[in-house]
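> Once you've had a glance at the structure underneath, I'll fire off some questions.
The values are calculated or read from the model by the stated rules, or taken from the named source; none is laboratory data. Worth saying up front: this structure is predicted, and the values here are computed from it rather than measured. Cβ atoms come from the backbone with ideal geometry, glycine included; neighbour counts cover every protein chain shown.
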Amino acid sequence: MKRYNQTPTLFVLRTVVVLFVVGVATLLLLGERTSPVASSPMDKRSCQEATGLTMDGAQMQTWQRRRYSSDKFQLHAENPHAGCAGDVQTHNQIQKDIFQVQHPENCSGRFLIWKLGTGGFGQEVRKLAYQLAIAQAENRTLILDTSLPWKYTDKEVCPQQDLSCFFLPLSSCSLHHVIVQHPQLSSISLPTWTESNLEEPVVVGQFNTDKWRFYTPSKFTTTLTLEWYRSELLYYIMRPNEFTENLVREEKVALGMDPSKESYLCLAMHVRSGDKRTEYKVHSFLEYLAKAQWFNALYGIKDIFLVTDDHDVIEQAKTEPNFHIFWSRGTRSVGGSHEHSEVGHEVMVKVLKDVLIASQCQLWVGTLSSNFGDIIWELMIARNFGVVPPYVSLDVPWKTHDQPNVFI
């Protein structure tokens, strides 16, 4: 009897313990899957770390969920890949992957040749980024044809007169290496890239192709958006060399910025005039300031780094009482410049100061019809490891993908 009485008691105790353990495990598993704190990329701490912005709960929800069309304030669906918590690991892996293809053990593999044209800086660099996407998609090394000097260089300052005057080398291979490894080819008879000659070891790139228009590496499909990948390509191309690093550091000191920092709580505002008048509507400086007021109301932003080629805009900025507006040193023309006609080293110096400092701000107002403004916006995404910054485009959405005009 004694043994009989203990058996059900032990059985019940064991059952209770097992059920308790199973229950706790189930709750923990469900918590991992459903807890907004554990699973959301949008927790307050990570947002502050990624952006430097201090936000209360209401502002956090605004940042995360509200994407408006330019004028109608219509709610857009939340982008599940855009959150404050930047993905440093993915950023580092993308840069490593690009570097490995661009710096092969020897220069006997597959190549894509590209020559910088005579367009403006923004246009030519974005074209180059697209060619880098094609090269990465086809496991080719992208090489620049530097047989002609680049328009933004001066021989007296930089004898090689190519991108390496300002940025780290695009590749460890050159066109000379390609011709040596493939003696049957010559630099004037290389086949042009087409979808029918994908197996050719060496091809010359062409811009008007849609095959890789929306390419992102398949290994990152669950985390990588198109705008993020394009931003990483630009980031790789525009890695500053020692000259450019010193240039930007000196400009920061002149502007009273801490040169040791690479991220600032400011709004980058790109006001484009000049030859843009022939392509799109030119917006007044007051229209840009009106959009800056949105961000001031949401995040208390008072500092604006102004990028413009228009002397008149600078004069207006000097009298603006509601913001602290600052800009890079350098001369500007009345009514804005004509980007395609500007050449020389000094022009590039101003471009580098404007683009690289502006991309270290955390918010953006401009026009995405401008390649120049587009580069600033995309570099911001790469610098924030995939985080799309709060931004307003006064004209078109991002030109390569389904992005709204406004994300605040």
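> Scan region 102-118 residue by residue and report those that are touching a residue at least 24 places away in the same chain (Cβ under 8 Å) and either in contact with a Cys (Cβ under 6 Å, 6 or more places away or on another chain) or among the charged types (D, E, K, R) (or both).
Cys107, Arg110, Lys115
> Pick from Glu245, Glu232: which is under 22 Å from Ser164 (Cβ atoms), at pLDDT 85 or above, under 27 Å from the mean Cα position of the chain (by Cα) and not assigned by TED's automatic domain parsing to the domain that holds Ile376? Reasoning before the result, please.
On the way: Glu245 fails: not assigned by TED's automatic domain parsing to the domain that holds Ile376.
Unique residue meeting the criteria: Glu232.
> Still on this structure: Of the residues Val343, Val396, Val387, Val365, only one is touching a Lys or Arg at 6+ places or on another chain (Cβ under 8 Å) and at pLDDT below 90; which? So that I can check it myself, show each step before the final result.
On the way: Val396 fails: touching a Lys or Arg at 6+ places or on another chain (Cβ under 8 Å); Val387 fails: touching a Lys or Arg at 6+ places or on another chain (Cβ under 8 Å); Val365 fails: at pLDDT below 90.
Being touching a Lys or Arg at 6+ places or on another chain (Cβ under 8 Å) and at pLDDT below 90 holds for just one of Val343, Val396, Val387, Val365, which is Val343.
> Confirm whether Leu298 is in contact (Cβ under 8 Å) with a residue 40 or more places away in the chain, crowded, with 17+ Cβ neighbours inside 10 Å and in the same structural domain as Trp364 (by TED's automatic domain parsing).
Details: in contact (Cβ under 8 Å) with a residue 40 or more places away in the chain: yes; crowded, with 17+ Cβ neighbours inside 10 Å: yes; in the same structural domain as Trp364 (by TED's automatic domain parsing): yes.
Answer is yes for this residue.
> Sticking with this structure for a sec: Is there a residue being at pLDDT below 90, crowded, with 18+ Cβ neighbours inside 10 Å and either over 16 Å from Val392 (Cβ atoms) or outside the structural domain of Asp258 (by TED's automatic domain parsing) (or both) anywhere in region 318-330?
Scanning region 318-330 turns up no residue that is at pLDDT below 90, crowded, with 18+ Cβ neighbours inside 10 Å and either over 16 Å from Val392 (Cβ atoms) or outside the structural domain of Asp258 (by TED's automatic domain parsing) (or both).
> Give me the pairs: first residue in region 119-141 and within 16 Å of Lys211 (Cβ to Cβ) and assigned by TED's automatic domain parsing to the domain that holds Cys173, second residue crowded, with 20+ Cβ neighbours inside 10 Å and at pLDDT below 90, beta-carbon distance under 6 Å, and six or more apart or on different chains, which are they?
What qualifies is Gln131/Gly205.
> Quick one: is Arg272 modelled with pLDDT under 95 and crowded, with 21+ Cβ neighbours inside 10 Å?
For Arg272, the condition - modelled with pLDDT under 95 and crowded, with 21+ Cβ neighbours inside 10 Å - is met.
> Applying the selection to region 342-389, what residues are small (Gly, Ala, Ser) and surrounded by 23 or more Cβ atoms within 10 Å (Cβ to Cβ)?
Ala358, Ser359, Gly366, Ser370, Gly373, Ala382, Gly386
> In region 209-254, what count of residues is obtained for those that are under 25 Å from Tyr391 (Cα atoms), free of Cβ contacts under 8 Å to residues at least 12 places away in the same chain and part of a helix (DSSP H, G or I)?
Total meeting the criteria: 0.
> Starting from residues that are acidic (Asp, Glu) and at pLDDT 90 or above, keep the ones in region 286-309 and report whichever is nearest to Lys252 (Cα to Cα).
Once the filter is applied, the top-ranked residue is Asp303.
> Follow-up question, since we're still on this one. Here are some residues: Met257, Met269. Which one is assigned by TED's automatic domain parsing to the domain that holds Leu363, of a type in the set (A, V, I, L, M), more than 22 Å from Asp395 (Cβ to Cβ) and not in a helix (DSSP H, G or I)? Lay out the reasoning, then the answer.
Numbers: Met269 fails: more than 22 Å from Asp395 (Cβ to Cβ).
Exactly one residue qualifies, and that residue is Met257.
> Let me ask you something else. Any residue at all in region 263-273 that's within 17 Å of Ser328 (Cβ to Cβ), of a type in the set (Val, Ile, Thr) and touching a strand residue (DSSP E or B) at 6+ places or on another chain (Cβ under 8 Å)?
Yes: region 263-273 contains one or more residues that are within 17 Å of Ser328 (Cβ to Cβ), of a type in the set (Val, Ile, Thr) and touching a strand residue (DSSP E or B) at 6+ places or on another chain (Cβ under 8 Å).
> Keeping to region 84-140, report how many residues are surrounded by fewer than 18 Cβ atoms within 10 Å (Cβ to Cβ), acidic (Asp, Glu) and at pLDDT below 90.
Count: 1.
> Residue by residue through region 220-245, note down the ones that are within 13 Å of Val125 (Cβ to Cβ) and not basic (Lys, Arg).
Hits for region 220-245 are Ser231, Leu233, Leu234, Tyr235, Tyr236, Ile237, Met238.
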